[in-house]
Amino acid sequence: MVAVSEGAANLLVPDVPRRKGPGTAGPWPFYNPTMAVNRDLSAIVLAKWPRPVGSILDGLAATGAWGIRMALEVGAGRVVFNDRSRDATRLIRENLRRNHLIADVRTGDLAENMVERGYDFVDIDPFGPPTPFLDAAFGAARESSGIGITATDTAVLCGTYPKACEKRYAARPLRSAQGAEIGLRILLGYCHRLAVAGGRQIRPILSFSAEHFLRVHVLVESGSASDSMGHVVRVDAGRFIVASGADRGAIGPLWLGPLEDSGVMRRLEPSAWSSVASARLLSLLKAEREMPPFFVTTDELAAGERHSPPKLDRFIEGLRGIGYRATRTHFHPRGVKTDAPQEDTARVFRDLSPSGSTDDSRPAS
(Lines give C-alpha, C1' and ligand atoms only; values in the text may rest on other atoms or scores of the structure.)
Protein backbone atom coordinates (compact mmCIF):
# COMPACT_ATOMS: atom_id res chain seq x y z
CA MET A 1 0.00 0.00 0.00
CA VAL A 2 1.03 3.59 -0.58
CA ALA A 3 -0.31 6.89 0.81
CA VAL A 4 -1.54 9.48 -1.72
CA SER A 5 -3.29 12.82 -1.57
CA GLU A 6 -6.15 13.62 -3.96
CA GLY A 7 -8.30 16.70 -3.62
CA ALA A 8 -9.05 17.16 0.09
CA ALA A 9 -8.54 13.44 0.82
CA ASN A 10 -5.58 11.49 2.15
CA LEU A 11 -5.82 7.90 0.94
CA LEU A 12 -4.12 4.56 1.30
CA VAL A 13 -4.21 2.78 -2.06
CA PRO A 14 -2.68 -0.36 -3.58
CA ASP A 15 0.92 0.12 -4.67
CA VAL A 16 0.62 -1.11 -8.26
CA PRO A 17 2.16 0.19 -11.52
CA ARG A 18 0.33 3.20 -12.94
CA ARG A 19 -0.33 3.86 -16.60
CA LYS A 20 -2.67 5.94 -18.71
CA GLY A 21 -6.01 4.46 -19.64
CA PRO A 22 -8.63 2.51 -17.70
CA GLY A 23 -6.07 0.60 -15.64
CA THR A 24 -5.74 -3.10 -14.99
CA ALA A 25 -8.03 -5.18 -12.81
CA GLY A 26 -6.49 -7.26 -10.05
CA PRO A 27 -7.25 -8.82 -6.68
CA TRP A 28 -6.67 -5.48 -4.97
CA PRO A 29 -9.23 -2.63 -4.53
CA PHE A 30 -9.05 -0.57 -7.72
CA TYR A 31 -7.64 2.96 -7.74
CA ASN A 32 -6.77 4.94 -10.87
CA PRO A 33 -5.17 8.36 -10.32
CA THR A 34 -6.05 9.44 -13.88
CA MET A 35 -9.71 9.41 -12.76
CA ALA A 36 -9.04 12.31 -10.38
CA VAL A 37 -10.54 14.68 -12.98
CA ASN A 38 -13.75 12.65 -12.76
CA ARG A 39 -13.87 13.08 -9.00
CA ASP A 40 -12.91 16.77 -9.28
CA LEU A 41 -15.88 17.48 -11.56
CA SER A 42 -18.23 15.38 -9.41
CA ALA A 43 -17.37 17.47 -6.36
CA ILE A 44 -17.81 20.70 -8.30
CA VAL A 45 -21.25 19.80 -9.71
CA LEU A 46 -22.59 18.19 -6.52
CA ALA A 47 -21.75 21.38 -4.62
CA LYS A 48 -24.26 23.17 -6.90
CA TRP A 49 -26.67 20.27 -7.48
CA PRO A 50 -30.23 21.51 -8.26
CA ARG A 51 -31.80 19.33 -5.55
CA PRO A 52 -30.83 18.75 -1.89
CA VAL A 53 -28.16 16.07 -1.54
CA GLY A 54 -28.63 14.67 1.92
CA SER A 55 -27.63 11.10 1.14
CA ILE A 56 -25.06 9.78 -1.35
CA LEU A 57 -24.16 6.22 -2.28
CA ASP A 58 -20.66 5.44 -3.55
CA GLY A 59 -21.92 2.28 -5.18
CA LEU A 60 -18.70 0.59 -6.37
CA ALA A 61 -16.44 2.24 -3.86
CA ALA A 62 -13.12 0.28 -4.12
CA THR A 63 -10.77 2.49 -2.04
CA GLY A 64 -13.55 4.96 -1.16
CA ALA A 65 -11.82 7.83 -2.99
CA TRP A 66 -14.98 9.21 -4.63
CA GLY A 67 -17.21 9.08 -1.56
CA ILE A 68 -14.56 10.41 0.81
CA ARG A 69 -13.94 13.38 -1.46
CA MET A 70 -17.67 14.10 -1.68
CA ALA A 71 -17.93 13.99 2.13
CA LEU A 72 -14.98 16.35 2.57
CA GLU A 73 -15.50 18.73 -0.36
CA VAL A 74 -19.28 18.81 -0.78
CA GLY A 75 -20.27 18.35 2.84
CA ALA A 76 -22.97 15.80 2.06
CA GLY A 77 -24.98 14.88 5.13
CA ARG A 78 -24.64 11.11 4.73
CA VAL A 79 -22.34 9.09 2.47
CA VAL A 80 -22.73 5.31 2.24
CA PHE A 81 -19.99 3.13 0.75
CA ASN A 82 -20.67 -0.19 -0.97
CA ASP A 83 -18.39 -2.79 -2.50
CA ARG A 84 -18.63 -6.56 -2.98
CA SER A 85 -15.01 -7.06 -1.92
CA ARG A 86 -14.22 -7.44 1.78
CA ASP A 87 -10.67 -6.28 1.05
CA ALA A 88 -12.15 -3.10 -0.40
CA THR A 89 -14.47 -2.41 2.52
CA ARG A 90 -11.62 -2.95 5.00
CA LEU A 91 -9.54 -0.42 3.07
CA ILE A 92 -12.46 2.03 2.91
CA ARG A 93 -12.76 1.92 6.71
CA GLU A 94 -9.06 2.68 7.03
CA ASN A 95 -9.35 5.59 4.60
CA LEU A 96 -12.34 6.95 6.50
CA ARG A 97 -10.26 6.81 9.69
CA ARG A 98 -7.40 8.67 7.99
CA ASN A 99 -9.79 11.45 6.99
CA HIS A 100 -11.56 11.61 10.38
CA LEU A 101 -14.89 10.53 8.90
CA ILE A 102 -17.58 8.16 10.13
CA ALA A 103 -19.77 6.46 7.52
CA ASP A 104 -21.81 3.34 6.78
CA VAL A 105 -19.69 0.81 4.85
CA ARG A 106 -21.47 -2.16 3.27
CA THR A 107 -20.11 -5.34 1.74
CA GLY A 108 -22.69 -6.51 -0.75
CA ASP A 109 -24.48 -6.26 -4.07
CA LEU A 110 -25.02 -2.76 -5.45
CA ALA A 111 -28.45 -3.52 -6.91
CA GLU A 112 -29.75 -4.84 -3.59
CA ASN A 113 -28.39 -1.80 -1.76
CA MET A 114 -30.10 0.63 -4.14
CA VAL A 115 -33.43 -1.17 -3.88
CA GLU A 116 -33.32 -1.42 -0.07
CA ARG A 117 -32.58 2.25 0.49
CA GLY A 118 -33.32 5.44 -1.38
CA TYR A 119 -30.53 7.94 -2.03
CA ASP A 120 -30.43 11.51 -3.27
CA PHE A 121 -27.45 10.67 -5.47
CA VAL A 122 -25.91 7.35 -6.55
CA ASP A 123 -22.47 7.10 -8.13
CA ILE A 124 -21.75 4.20 -10.50
CA ASP A 125 -18.11 4.01 -11.56
CA PRO A 126 -17.32 0.40 -12.46
CA PHE A 127 -14.24 -1.30 -13.80
CA GLY A 128 -15.73 -2.03 -17.23
CA PRO A 129 -19.09 -1.04 -18.75
CA PRO A 130 -21.80 0.45 -16.53
CA THR A 131 -24.68 -1.35 -18.25
CA PRO A 132 -24.95 -4.28 -15.77
CA PHE A 133 -25.85 -1.79 -13.01
CA LEU A 134 -28.12 0.66 -14.81
CA ASP A 135 -31.40 -1.27 -14.86
CA ALA A 136 -31.32 -1.46 -11.07
CA ALA A 137 -30.14 2.15 -10.72
CA PHE A 138 -32.99 3.63 -12.74
CA GLY A 139 -35.47 1.15 -11.34
CA ALA A 140 -34.62 2.20 -7.78
CA ALA A 141 -34.23 5.93 -8.50
CA ARG A 142 -36.75 8.04 -6.66
CA GLU A 143 -38.26 11.28 -7.89
CA SER A 144 -35.68 14.07 -8.35
CA SER A 145 -32.75 11.85 -7.39
CA GLY A 146 -29.42 12.00 -9.20
CA ILE A 147 -27.20 9.38 -10.79
CA GLY A 148 -23.55 9.73 -11.81
CA ILE A 149 -22.32 7.20 -14.36
CA THR A 150 -18.83 6.54 -15.69
CA ALA A 151 -18.26 4.48 -18.83
CA THR A 152 -14.75 3.32 -19.69
CA ASP A 153 -15.87 1.14 -22.62
CA THR A 154 -15.16 4.02 -24.98
CA ALA A 155 -13.95 1.77 -27.81
CA VAL A 156 -17.47 0.35 -27.87
CA LEU A 157 -19.41 3.60 -27.46
CA CYS A 158 -17.21 5.65 -29.79
CA GLY A 159 -17.39 3.29 -32.75
CA THR A 160 -14.32 1.05 -32.76
CA TYR A 161 -16.53 -1.98 -32.05
CA PRO A 162 -19.96 -1.09 -33.49
CA LYS A 163 -21.45 -4.58 -33.14
CA ALA A 164 -20.60 -4.60 -29.45
CA CYS A 165 -22.27 -1.19 -29.06
CA GLU A 166 -25.43 -2.45 -30.78
CA LYS A 167 -25.50 -5.45 -28.45
CA ARG A 168 -24.66 -3.58 -25.24
CA TYR A 169 -26.43 -0.24 -25.74
CA ALA A 170 -28.89 -1.11 -28.54
CA ALA A 171 -27.48 1.76 -30.60
CA ARG A 172 -25.26 2.26 -33.63
CA PRO A 173 -22.13 4.40 -33.07
CA LEU A 174 -19.79 6.00 -35.60
CA ARG A 175 -16.03 5.91 -35.57
CA SER A 176 -15.14 9.49 -36.48
CA ALA A 177 -13.72 12.73 -35.12
CA GLN A 178 -17.09 13.16 -33.42
CA GLY A 179 -17.01 9.64 -31.94
CA ALA A 180 -16.67 10.75 -28.31
CA GLU A 181 -19.66 13.08 -28.49
CA ILE A 182 -21.72 10.43 -30.28
CA GLY A 183 -20.71 7.90 -27.62
CA LEU A 184 -21.69 10.27 -24.83
CA ARG A 185 -25.07 10.86 -26.46
CA ILE A 186 -25.59 7.11 -26.91
CA LEU A 187 -24.92 6.63 -23.19
CA LEU A 188 -27.39 9.38 -22.28
CA GLY A 189 -29.94 7.93 -24.70
CA TYR A 190 -29.58 4.52 -23.09
CA CYS A 191 -30.12 6.07 -19.65
CA HIS A 192 -33.17 7.95 -20.88
CA ARG A 193 -34.73 4.80 -22.32
CA LEU A 194 -34.28 3.05 -18.96
CA ALA A 195 -35.85 5.98 -17.16
CA VAL A 196 -38.80 6.03 -19.58
CA ALA A 197 -39.43 2.34 -18.87
CA GLY A 198 -40.20 3.39 -15.30
CA GLY A 199 -42.34 6.37 -16.27
CA ARG A 200 -39.53 8.88 -15.74
CA GLN A 201 -37.12 10.90 -17.86
CA ILE A 202 -33.62 12.25 -17.43
CA ARG A 203 -32.28 15.79 -17.29
CA PRO A 204 -28.52 15.92 -17.93
CA ILE A 205 -26.81 18.27 -15.49
CA LEU A 206 -23.18 17.75 -16.56
CA SER A 207 -21.81 15.35 -19.20
CA PHE A 208 -18.34 15.16 -20.67
CA SER A 209 -15.56 13.09 -22.18
CA ALA A 210 -12.07 13.02 -20.66
CA GLU A 211 -9.01 10.80 -20.72
CA HIS A 212 -10.31 7.26 -21.40
CA PHE A 213 -13.86 7.65 -20.09
CA LEU A 214 -17.28 9.22 -20.57
CA ARG A 215 -19.12 10.70 -17.60
CA VAL A 216 -22.74 11.79 -17.11
CA HIS A 217 -24.56 13.33 -14.14
CA VAL A 218 -28.33 13.16 -14.59
CA LEU A 219 -31.42 14.08 -12.63
CA VAL A 220 -34.31 11.59 -12.78
CA GLU A 221 -37.63 13.42 -13.09
CA SER A 222 -41.30 12.65 -13.64
CA GLY A 223 -42.59 12.29 -17.20
CA SER A 224 -41.73 9.89 -19.97
CA ALA A 225 -42.11 11.79 -23.23
CA SER A 226 -39.07 13.50 -24.72
CA ASP A 227 -38.29 15.05 -28.08
CA SER A 228 -34.59 14.84 -27.23
CA MET A 229 -34.14 11.31 -28.61
CA GLY A 230 -33.53 10.33 -32.21
CA HIS A 231 -31.20 9.12 -34.94
CA VAL A 232 -28.85 11.12 -37.15
CA VAL A 233 -26.91 10.53 -40.35
CA ARG A 234 -23.65 12.17 -41.28
CA VAL A 235 -23.98 14.16 -44.49
CA ASP A 236 -20.77 16.19 -44.50
CA ALA A 237 -17.68 16.97 -42.46
CA GLY A 238 -18.98 17.49 -38.94
CA ARG A 239 -22.57 17.90 -40.17
CA PHE A 240 -25.33 15.57 -39.06
CA ILE A 241 -29.06 15.67 -39.78
CA VAL A 242 -31.94 14.01 -37.96
CA ALA A 243 -32.98 10.79 -39.66
CA SER A 244 -35.13 7.72 -39.27
CA GLY A 245 -33.60 4.71 -37.57
CA ALA A 246 -34.29 2.79 -40.78
CA ASP A 247 -32.19 5.16 -42.92
CA ARG A 248 -28.95 3.83 -44.32
CA GLY A 249 -26.04 4.83 -42.09
CA ALA A 250 -28.31 6.03 -39.28
CA ILE A 251 -26.53 6.57 -35.95
CA GLY A 252 -28.35 6.00 -32.67
CA PRO A 253 -30.77 6.11 -31.04
CA LEU A 254 -29.03 8.82 -29.09
CA TRP A 255 -29.72 11.86 -26.94
CA LEU A 256 -30.00 15.02 -29.07
CA GLY A 257 -30.84 17.45 -26.29
CA PRO A 258 -28.47 19.52 -24.15
CA LEU A 259 -25.57 17.74 -22.46
CA GLU A 260 -25.89 20.00 -19.44
CA ASP A 261 -28.22 22.19 -17.42
CA SER A 262 -27.23 25.68 -18.49
CA GLY A 263 -28.40 27.31 -15.26
CA VAL A 264 -26.32 24.96 -13.13
CA MET A 265 -23.32 25.25 -15.45
CA ARG A 266 -23.24 29.03 -15.10
CA ARG A 267 -22.73 28.62 -11.34
CA LEU A 268 -19.96 26.04 -11.48
CA GLU A 269 -16.46 27.14 -10.50
CA PRO A 270 -13.26 25.20 -9.76
CA SER A 271 -12.83 24.42 -6.10
CA ALA A 272 -9.73 24.86 -3.96
CA TRP A 273 -8.95 21.18 -4.59
CA SER A 274 -9.46 21.13 -8.39
CA SER A 275 -6.47 20.33 -10.58
CA VAL A 276 -5.36 22.63 -13.40
CA ALA A 277 -6.59 20.04 -15.91
CA SER A 278 -10.04 19.95 -14.28
CA ALA A 279 -10.30 23.74 -14.23
CA ARG A 280 -9.37 23.87 -17.92
CA LEU A 281 -11.95 21.21 -18.77
CA LEU A 282 -14.66 23.04 -16.81
CA SER A 283 -13.86 26.25 -18.68
CA LEU A 284 -14.38 24.50 -22.02
CA LEU A 285 -17.59 22.85 -20.85
CA LYS A 286 -19.01 26.21 -19.76
CA ALA A 287 -18.11 27.74 -23.13
CA GLU A 288 -19.91 24.90 -24.93
CA ARG A 289 -23.20 25.19 -23.05
CA GLU A 290 -26.24 25.93 -25.23
CA MET A 291 -24.28 25.13 -28.39
CA PRO A 292 -25.86 22.78 -30.96
CA PRO A 293 -24.95 19.09 -31.08
CA PHE A 294 -21.75 17.99 -32.83
CA PHE A 295 -18.84 19.95 -34.22
CA VAL A 296 -16.48 20.23 -37.16
CA THR A 297 -12.71 19.86 -37.06
CA THR A 298 -10.23 21.91 -39.04
CA ASP A 299 -8.74 18.60 -40.20
CA GLU A 300 -12.03 17.68 -41.88
CA LEU A 301 -12.40 21.12 -43.42
CA ALA A 302 -8.82 21.09 -44.70
CA ALA A 303 -9.40 17.75 -46.40
CA GLY A 304 -12.70 18.84 -47.91
CA GLU A 305 -11.67 22.34 -48.97
CA ARG A 306 -8.09 21.43 -49.92
CA HIS A 307 -6.75 24.39 -48.00
CA SER A 308 -4.35 24.52 -45.09
CA PRO A 309 -6.19 25.19 -41.83
CA PRO A 310 -6.00 28.63 -40.20
CA LYS A 311 -5.13 28.90 -36.53
CA LEU A 312 -8.09 27.61 -34.52
CA ASP A 313 -8.70 30.81 -32.54
CA ARG A 314 -8.55 32.88 -35.73
CA PHE A 315 -11.10 30.60 -37.37
CA ILE A 316 -13.42 30.90 -34.36
CA GLU A 317 -13.10 34.70 -34.35
CA GLY A 318 -13.84 34.70 -38.08
CA LEU A 319 -17.13 32.89 -37.50
CA ARG A 320 -18.02 35.20 -34.63
CA GLY A 321 -17.13 38.19 -36.77
CA ILE A 322 -19.98 37.46 -39.17
CA GLY A 323 -22.52 36.98 -36.41
CA TYR A 324 -22.35 33.30 -35.49
CA ARG A 325 -21.63 31.62 -32.19
CA ALA A 326 -18.45 29.53 -32.16
CA THR A 327 -16.19 27.99 -29.54
CA ARG A 328 -13.61 25.28 -28.99
CA THR A 329 -14.92 21.92 -27.86
CA HIS A 330 -13.52 19.61 -25.20
CA PHE A 331 -14.26 16.63 -27.44
CA HIS A 332 -11.43 17.31 -29.90
CA PRO A 333 -8.33 19.54 -29.79
CA ARG A 334 -9.06 20.90 -33.29
CA GLY A 335 -12.84 20.89 -33.06
CA VAL A 336 -15.19 23.88 -33.28
CA LYS A 337 -18.81 24.01 -32.21
CA THR A 338 -20.79 26.62 -34.11
CA ASP A 339 -24.30 27.48 -35.22
CA ALA A 340 -22.99 28.66 -38.60
CA PRO A 341 -24.35 26.73 -41.61
CA GLN A 342 -21.91 24.52 -43.47
CA GLU A 343 -21.60 26.97 -46.38
CA ASP A 344 -20.49 29.89 -44.22
CA THR A 345 -18.25 27.67 -42.09
CA ALA A 346 -16.41 26.49 -45.21
CA ARG A 347 -16.28 30.01 -46.66
CA VAL A 348 -14.67 31.49 -43.54
CA PHE A 349 -12.24 28.57 -43.39
CA ARG A 350 -11.11 29.17 -47.00
CA ASP A 351 -10.87 32.92 -46.52
CA LEU A 352 -8.61 32.56 -43.47
CA SER A 353 -6.50 29.72 -44.81
CA PRO A 354 -2.79 30.59 -44.96
CA SER A 355 -2.58 28.82 -48.33
CA GLY A 356 -4.80 31.42 -49.93
CA SER A 357 -8.46 31.67 -50.79
CA THR A 358 -10.66 31.25 -53.85
CA ASP A 359 -12.71 33.98 -55.47
CA ASP A 360 -15.88 32.94 -53.62
CA SER A 361 -14.22 32.70 -50.22
CA ARG A 362 -15.53 35.97 -48.80
CA PRO A 363 -17.82 35.46 -45.76
CA ALA A 364 -21.47 36.12 -46.45
CA SER A 365 -22.72 39.44 -45.16
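The values are calculated or read from the model by the stated rules, or taken from the named source; none is laboratory data. As the structure is a computational prediction, the values presented were derived from the model and not from experiment. Glycine also receives a Cβ, built like all others from the backbone with ideal geometry; neighbour counts cover every protein chain displayed. Quick note on the areas: whole protein, heavy atoms, side chains included, nothing else; ligands and nucleic acids left out. Shrake-Rupley method; radii C 1.70, N 1.55, O 1.52, S 1.80 Å.
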*Which condition number does E300 fail, the rest of (1) touching a Gly at 6+ places or on another chain (Cβ under 7 Å); (2) assigned to a strand (DSSP E or B) being met?*
(2)
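Quick one: how many residues across the range 160-214 are of a type outside the set (V, I, T) and assigned to a loop (DSSP other than H, G, I, E, B)?
13
If I go through the range 50-68 residue by residue, how many of them are charged (D, E, K, R), closer than 9 Å to D83 by Cβ and in a loop (DSSP other than H, G, I, E, B)?
0
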*Check S353 against each of (1) of a type in the set (S, T, Y); (2) under 27 Å from the mean Cα position of the chain (by Cα); (3) buried (at least 21 other Cβ atoms within 10 Å of the Cβ) and name the one condition it does not meet.*
(2)
*Matching residues in the range 297-343 - criterion: being surrounded by fewer than 21 Cβ atoms within 10 Å (Cβ to Cβ), at negative phi and of a type in the set (K, R)*: K311, R314, R320, R325, R328, R334
_Being modelled with pLDDT under 95, small (G, A, S) and surrounded by 15 or more Cβ atoms within 10 Å (Cβ to Cβ) is the filter here; which residues of the range 101-135 pass it?_
A111
*What is the one condition in (1) under 26 Å from R39 (Cβ atoms); (2) in a strand (DSSP E or B); (3) touching a residue at least 24 places away in the same chain (Cβ under 8 Å); (4) not β-branched (V, I, T) that R334 does not satisfy?*
(1)
*Taking R280, is it open to solvent by 60 Å² or more (accessible area, probe 1.4 Å), modelled with pLDDT of 95 or more, assigned to a helix (DSSP H, G or I) and farther than 16 Å from G335 by Cβ?*
no
